[in-house]
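A quick write-up on the structure given underneath.
The values are calculated or read from the model by the stated rules, or taken from the named source; none is laboratory data. Bear in mind that the values here come from a model prediction, so they are computed numbers and not experimental data. In this analysis, Cβ positions are derived from the backbone assuming ideal geometry, glycine residues included, and neighbour counts consider all displayed protein chains.
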Amino acid sequence: MRFIILGGSGSGKSTQAQNLSKHFDIPIISTGEILRQAISKLDELGQNAQHAVATGELVPDELMIDLIRNHLRLPKLNHGWVLEGYPRTAFQAEELDFLLDELEQKLNWAIYLQVPETVMVNRSLGRSQPDDRPEIVHRRVELFYDRTIPILEYYDRRHRLLTINGDQSSEVVKENIIALLSNTGASI
């Protein structure tokens, strides 16, 4: 099984990625973790990523695509994964499809955790990540709305989008995702 978890900052992407990982026994690919690793190396790739993260901007498409391409080629990911925090633009979604074709893999579902803007902001400000300062959180939410609609439309046109109400307890959201996947024939 191969899933993408989409949602704004604080929508519960990480929590639900962990739930799907456990349920389907597949690894999580965390974009945040990939970026933190790149930044810690302090090479050119990491410096470019660090600047974007520090200002609340999206990491440039080409940089993210390269990071994801390198990661998806790892042999441990041949049999399934949950991708959390990527794609963030419609261009990245298209490039991901091209890469999956190249790797002879197929995305099962893009799962969108839909939550109101106030919930995203409040949840993000309640975390302890260094980049969760109010001005950065608000910028991330703004960018999310600007960039997300085209991604949702992209996956909807391909009949690969599941929308879940993410403004509930994490356990209820998990149960709703698993139930919806079961109804689509995703449970094996």
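Here are the numbers:
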{"read-out": "Number of the condition not met by TRP109 [criteria: (1) within 15 Å of the chain's Cα centre (by Cα); (2) surrounded by fewer than 17 Cβ atoms within 10 Å (Cβ to Cβ); (3) more than 12 Å from SER11 (Cβ to Cβ)]", "value": "(2)"}
{"read-out": "Residues of segment 155-170 that turn out to be more than 20 Å from GLN16 (Cβ to Cβ) and either buried (at least 17 other Cβ atoms within 10 Å of the Cβ) or of a type in the set (D, E, K, R) (or both), as a count", "value": "2"}
{"read-out": "Conditions (1) over 17 Å from the mean Cα position of the chain (by Cα); (2) at pLDDT below 85; (3) under 26 Å from LEU96 (Cβ atoms); (4) not small (Gly, Ala, Ser); number of the one not met by ARG157", "value": "(2)"}
{"read-out": "Qualifying positions in segment 122-145 - under 19 Å from GLN168 (Cα atoms) and in contact with a Lys or Arg (Cβ under 9 Å, 6 or more places away or on another chain)", "value": "SER124, LEU125"}
